[in-house]
1. Checking the a/c ratio against 1.5 first, then a/b against b/c, what shape does the Cα gyration tensor give for the range 195-285?
2. Could you give the nm distance between label points at LYS382 and GLU284, where each point is 7 Å from its Cα heading toward the beta carbon?
3. Got a sec to turn the phi values of the range 243-253 into Karplus ³J(HN,Hα) couplings, 6.51 cos²θ - 1.76 cosθ + 1.60 with θ = phi - 60°, whole Hz, x for Gly and Pro?
4. Rounded to whole Å, give me the distance from the Cα center of the range 215-262 to that of the range 322-361.
5. What pairs from LYS247/LYS324; LYS159/LYS324; LYS159/LYS247; LYS303/LYS324 go past 29 Å between their alpha carbons?
6. What nm distance separates the two modelled labels at LEU115 and GLU189, each placed 7 Å from Cα along Cα→Cβ?
7. With a ≥ b ≥ c the root eigenvalues of the C-alpha gyration tensor of the range 289-346, is it rounded (a/c under 1.5), prolate (a/b larger than b/c) or oblate?
8. Check which residues have an amide H placed less than 5 Å from GLY127's amide H, if you skip close sequence neighbours.
Amino acid sequence: MSEIWLRRALPCVESRLLKLKGMFNSKFGSVPKFYVRAPGRVNIIGLGFCFGWRLQENDIKNSPILSEGRAYRLLWIFCSSYGCRTRYVNSCGTCENTHSPAGQYQSLVPEHFGLSDLTGMNCLVDGNIPPSSGLSSSSALVCCAGLVTLTVLGMNLSKVELAEICAKSEHYTGTEGGGMDQSISFLAEEGTAKLIEFSPLRATDVKLPSGAVFVIANSCVEMNKAATSHFNIRVMECRLAAKLLAKHKCLPWEEVLRLEEVQAKLGVSLEEMLLITEDTLHSEPYSPEEICRCLGISLQELKTQILSPNTQDVLTFKLYQRAKHVYSEAARVLQFKKICEEAPDNTVQLLGELMNQSHVSCRDMYECSCPELDQLVDICRKFGAQGSRLTGAGWGGCTVSIVPADKLSSFLANVHEAYYQRSNRSLVPEKQSLFATKPGGGALVFLEA
């Protein structure tokens, strides 16, 4: 295992590790050889080309030990906030869920390293990221499992390589994510946000204003993107919009999968892409038949060669709205970075305005908000946030707000009363619904002393 992953546990996490050690020993009758920590993330602004940071206090931990006498079996114990259940998985069989560590184990090892004779292990999983909250609990679990697998097998990968593999493994669940969650989980560094870019994957440090605090608020509405089609429909609408734009500009549209590829192939600015979108796509929804006419293909070709299984029965696709959101959001990301670098006197105000614009676009153009998120955003702005938007995939989960540091105490008290107490949302304590946060470091392996 490379030294880039290895750390000794800090005093602030030692008590939690001791608790997990006791639980592990009680279940397996032995002491874990190492611990793995993979964090959740907060997406401040952006989609596909975005800002994110690692949550400092929220993560998933695995307590694994090499199992003896289980050369071809895996035993995973899920505990704590994720519910207690035991899963046995044959390492050469088929896993029921690749969001599970067992699924990550199977998808990562055979495909990347070409191994079939896999070592068994016992693992205890514990986490404090609220599930289905838009803070990337599932990706943290996958990243943690990938790092466990590397450690057990004694293999080495760079952080970028492992992030890319973990992002790909989540596709096996049917969720067409882009890789931002896994990237920030591995590439995050203490005290800085990261601008995540793709193709190739890279991360740039961005210093955020010192006079502001970012606050996470949970709407208490859960949305499991792997169990619904909303997320994948948006991904497919973006893909279809990219193909129609590419076709209109006489590009090889068959090869195009993402809107950013069209911009790159044309070599134009985001502002120019917004104008091209206005000229090329109409605001009325497209039927599958109209898409086929635009691309010159049959309905059967559309369904079998382009659409994913869970989007083949969709009757209409909003291509104009999705493309406009993606390109305008990418432009806001660049503006956000520029403001942070130039640090004018009204930095917090300007960043807040971009976050507000982002939420409006998420709500109206990408249509990934929900009434509770909209209400929570309005409340956060009312009580002092310069900007507030949904974070994560949407349709529930959390908001992220930029709040002047001197208003933090009153902001937390007022939002808690206005959204949680008045609404009688009883699950608030369990979901860690309202907290200020700052960027922390990425995934690590802690050695047992």
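The values are calculated or read from the model by the stated rules, or taken from the named source; none is laboratory data. Please read all numbers here as calculations on a predicted model, not as lab measurements. With ideal geometry, Cβ positions are generated from the backbone for all residues, glycine too; neighbour counts draw on all protein chains shown. For accessibility, only protein heavy atoms count, side chains too; no ligands or nucleic acids. Shrake-Rupley method; radii C 1.70, N 1.55, O 1.52, S 1.80 Å.
1. Taking the square roots of the gyration eigenvalues as a ≥ b ≥ c, the range 195-285 is oblate.
2. 4.0
3. 5, 5, 5, 5, 4, 4, 9, 6, 8, x, 5
4. 20
5. Numbers: LYS247/LYS324 17 Å; LYS159/LYS324 32 Å; LYS159/LYS247 36 Å; LYS303/LYS324 24 Å.
With Cα atoms farther than 29 Å apart: LYS159/LYS324; LYS159/LYS247.
6. Placing both labels 7 Å beyond Cα along the Cβ direction yields 3.0 nm.
7. Values: a/c = 4.15, a/b = 3.61, b/c = 1.15.
Prolate, because a/c is 1.5 or more and a/b exceeds b/c.
8. Under 5 Å from the amide H of GLY127 lie the amide H atoms of LYS61, SER81, TYR82, each far enough along the sequence or on another chain.
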